[in-house]
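The values are calculated or read from the model by the stated rules, or taken from the named source; none is laboratory data. Note that this is a predicted model, so its numbers are computed, not measured. Note that we place each Cβ from the backbone using ideal geometry, even for glycine, and neighbour counts take in every protein chain shown. The accessibility values were calculated without ligands, DNA or RNA, using every heavy atom of the protein model including side chains. Shrake-Rupley method; radii C 1.70, N 1.55, O 1.52, S 1.80 Å.
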Amino acid sequence: MKEEHFLKKIFSQNDFKQSELELIIPQFKQVSFTKNDYLLQEGKTENHYWFLESGFVRSFVNDTKGNDITTNFYGQGDIVIDWSSFFLRNPTRENIQTLTDCVCWQLDFETFQQLFHSIEAFREQGRRRLVSSYFALKNQSVSLIADEAKERYLRLLKEKPHIVQNVSLQHIATYLGITKYSLSRIRKEISL
């Protein structure tokens, strides 16, 4: 039995006509990365819209002391992108790096624009994903200010258990805004 194409899980036949899928899916190019490869580096402009088929990726920035601070994690089915760099066409301040070997599906900016302006279902799905990403980012930034570290960790554990199981404690700690020692204490406290 032939396995369904990964992108047909992203672009569901419930949302897209078969004729639209036949226009969209062939535009994507499969790209494989090895652990620690960069999909995007600080100072460059985001030129690709990526869907992650397998593996784990993180985005991070360097603080004023040169420490890298994780800003997001990505797993299977996620869009891996710096939205503002992609749409505003400006250099990014973030780095996007693989944490494991990964398989991604790449769509370049020009092709994205063509599909966005010619296929209403593609445009609507893109808008929904952008809005969802914005709300997640907003909730994370408010949580860093208003919630205790333990609450932030428990939320990550509930919402993204696959991240907690597959990503280093150092990266998780910086994402939560704490040290890896504090994270170890929280994990120990929870397991008691």
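A few comments on the model shown:
- Any helices (runs of 4 or more DSSP H) falling wholly within the stretch 142-192 and containing at least 2 residues that are within 17 Å of D63 (Cα to Cα): 169-176
- Residue, surrounded by the most Cβ atoms within 10 Å (Cβ to Cβ), within the stretch 109-124, restricted to residues that are in contact (Cβ under 8 Å) with a residue 12 or more places away in the chain and among the aromatic types (F, W, Y): F122
- Taken over the stretch 130-149, residues that are of a type in the set (D, E, K, R) and either within 17 Å of L107 (Cβ to Cβ) or open to solvent by 70 Å² or more (accessible area, probe 1.4 Å) (or both) amount to 2.
- Residues of the stretch 161-187 that turn out to be surrounded by 14 or more Cβ atoms within 10 Å (Cβ to Cβ), among the hydroxyl-bearing types (S, T, Y) and within 15 Å of Q97 (Cβ to Cβ), as a count: 2
- Being out of contact with any strand residue (DSSP E or B) (no Cβ under 6 Å at 6 or more places or on another chain) and farther than 18 Å from L183 by Cα is a description that applies to Q125.
Residues are listed down the side, and each one gets a yes or a no for (1) modelled with pLDDT under 90; (2) more than 18 Å from the chain's Cα centre (by Cα); (3) among the hydroxyl-bearing types (S, T, Y):
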{"position": "R128", "(1), (2), (3)": "no, no, no"}
{"position": "S143", "(1), (2), (3)": "no, yes, yes"}
{"position": "K150", "(1), (2), (3)": "no, yes, no"}
{"position": "L154", "(1), (2), (3)": "no, yes, no"}
{"position": "Q165", "(1), (2), (3)": "no, no, no"}
{"position": "G177", "(1), (2), (3)": "no, yes, no"}
{"position": "L183", "(1), (2), (3)": "no, yes, no"}
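- Screening R152, R127 for residues that are of a type outside the set (A, V, I, L, M) and open to solvent by 70 Å² or more (accessible area, probe 1.4 Å) leaves exactly one candidate, R127.
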